[in-house]
Amino acid sequence: MRFSLVFLFLALNIPAFSQKDDVDDPIQNFDKLWNTFDQRYANFNLKQIDWDNIYTVYRPRINENTSNEELFEVSCSMLQELKDGHVTLEPMFAENENIECGAPYGFHFMSVLDSEMNILAFESIMNQEFQQYGFSEANRVDITEETNFQYRVSDRFGYLRLDEMTEALKLGKINKAFDNALEAFNTKEGVIVDLRFNGGGWDYISYLLAGRFVREESIGHYEKTKIKGKEAYTDLKYREIKPKGSFQFTKKPIVILTSDFTASAAEVFVLMMKDLSYVTLIGDTTEGIFSDMYFFKLPNKWKASLSNQQFFSKSMENFEGIGISPEIEVRNNPTDLEKGTDPVLRTAIEFLQKELVEEM
């Protein structure tokens, strides 16, 4: 998992700091960082990045007198060239604080939710939209203390929202939550799955959720993993989606809502679902970070991670660094708060209404 909403208020402002212990050789640490990416990062070619050239740009900035702060700043700047949300560098700072450096922040969707006040205002707007279209109050399920899982129903439609797919989710609780939601959707004419707030997590949860919306066993995605060597990968392998639960919602239209914050495991769910004939994507292009995270430490004990896999759809499309585009593009904007509307949610509901009219 790369993000959850608790990171909304973070900005990539690198403060002055001092590490408790003396840092090891700065050159050794920088070279370890660069070399591990050189051997393990899976997407240089896809992103058209010349990693050797990156070395010639940043390595001269490091010498034996480089401070902890300077080492972090230079290393962070180098990693940001990858524009990859699964790339992180996490040194230990004074006073037991951790500051993480990775992809530049700047999600369009999060510009709407840039303060606690705006988050509450947007939630209120969504509730008003639901009331206008005849939806029930939210049925919230306590999966973990921080996870927002909810579902609602109107006379005709169902709505499901899951804000993260973290490994902290208890499988018994998440399966029970899915059971309850799907039971409520059993007689409905369409379902909306809202992943706009979902920064990712564990692919296993993606597959559990996808299993509630497929008719038969099929390939979910293909993947291969980078191993040591310039262009060395494991053999391509695939994972299968299998129907889950006592009921699968597959005979009526499904709309999946996405934003540029929709990432990682949430994108894997979208990757599996997007080509199904009864599924329509509405919203914004997803972030484009599918790989699992490869974790390692530098000699100075700083923690780092990188993307060491390539994920492919059933038709062998790779959306890493690109994201999955919706069929109907509509974005949330800060002006939504002024207007008191959620155009993405509204578009989804009206799309389902239109679909059912056309079927009659």
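In this structure, does residue 223 turn out to be buried (at least 18 other Cβ atoms within 10 Å of the Cβ) and of a type outside the set (A, V, I, L, M)? Yes: the conditions hold for residue 223. The residues listed here are 35, 45, 68, 63; of these, the one that is at pLDDT below 95, surrounded by fewer than 14 Cβ atoms within 10 Å (Cβ to Cβ) and in the same structural domain as residue 89 (by TED's automatic domain parsing) is 45. For segment 333-340, check the following and say yes or no: at least one residue is surrounded by 18 or more Cβ atoms within 10 Å (Cβ to Cβ), closer than 19 Å to residue 112 by Cβ and of a type in the set (S, T, N, Q). No, there is no match, as no residue in segment 333-340 is surrounded by 18 or more Cβ atoms within 10 Å (Cβ to Cβ), closer than 19 Å to residue 112 by Cβ and of a type in the set (S, T, N, Q). Taken over segment 213-253, residues that are basic (Lys, Arg) and under 25 Å from the mean Cα position of the chain (by Cα) amount to 6. Whether a residue is out of contact with any Asp or Glu (no Cβ under 9 Å at 6 or more places or on another chain), in the same structural domain as residue 261 (by TED's automatic domain parsing), assigned to a helix (DSSP H, G or I) and surrounded by 15 or more Cβ atoms within 10 Å (Cβ to Cβ) was assessed, and residue 125 does not pass this test. Only one of 240, 217 is more than 30 Å from residue 39 (Cα to Cα) and at pLDDT 95 or above; which? Of 240, 217, the one residue that is more than 30 Å from residue 39 (Cα to Cα) and at pLDDT 95 or above is 217. Regarding segment 132-147, can at least one residue be identified that is part of a strand (DSSP E or B) and more than 22 Å from residue 336 (Cα to Cα)? Yes, some residue in segment 132-147 is part of a strand (DSSP E or B) and more than 22 Å from residue 336 (Cα to Cα).
Listed by position, the strands (runs of 3 or more DSSP E) inside segment 242-352 whose residues that are in contact (Cβ under 8 Å) with a residue 24 or more places away in the chain and aliphatic (A, V, I, L, M) number at least 2 are 254-258, 279-283, 303-307.
Residue by residue through segment 159-216, note down the ones that are in a loop (DSSP other than H, G, I, E, B), closer than 23 Å to residue 326 by Cβ and in contact (Cβ under 8 Å) with a residue 60 or more places away in the chain. Passing the criteria: 163, 164, 188, 189, 195, 196, 197, 198, 199, 200, 213, 214. The single condition from (1) out of contact with any Lys or Arg (no Cβ under 8 Å at 6 or more places or on another chain); (2) of a type in the set (Gly, Ala, Ser); (3) surrounded by 18 or more Cβ atoms within 10 Å (Cβ to Cβ) that residue 172 fails is (3).
The values are calculated or read from the model by the stated rules, or taken from the named source; none is laboratory data. The shown structure was predicted, so the numbers you read here are calculated from the model rather than taken from an experiment. A quick note on method: Cβ atoms are made from the backbone with ideal geometry, for glycine too, and the neighbour counts reach across all protein chains shown.
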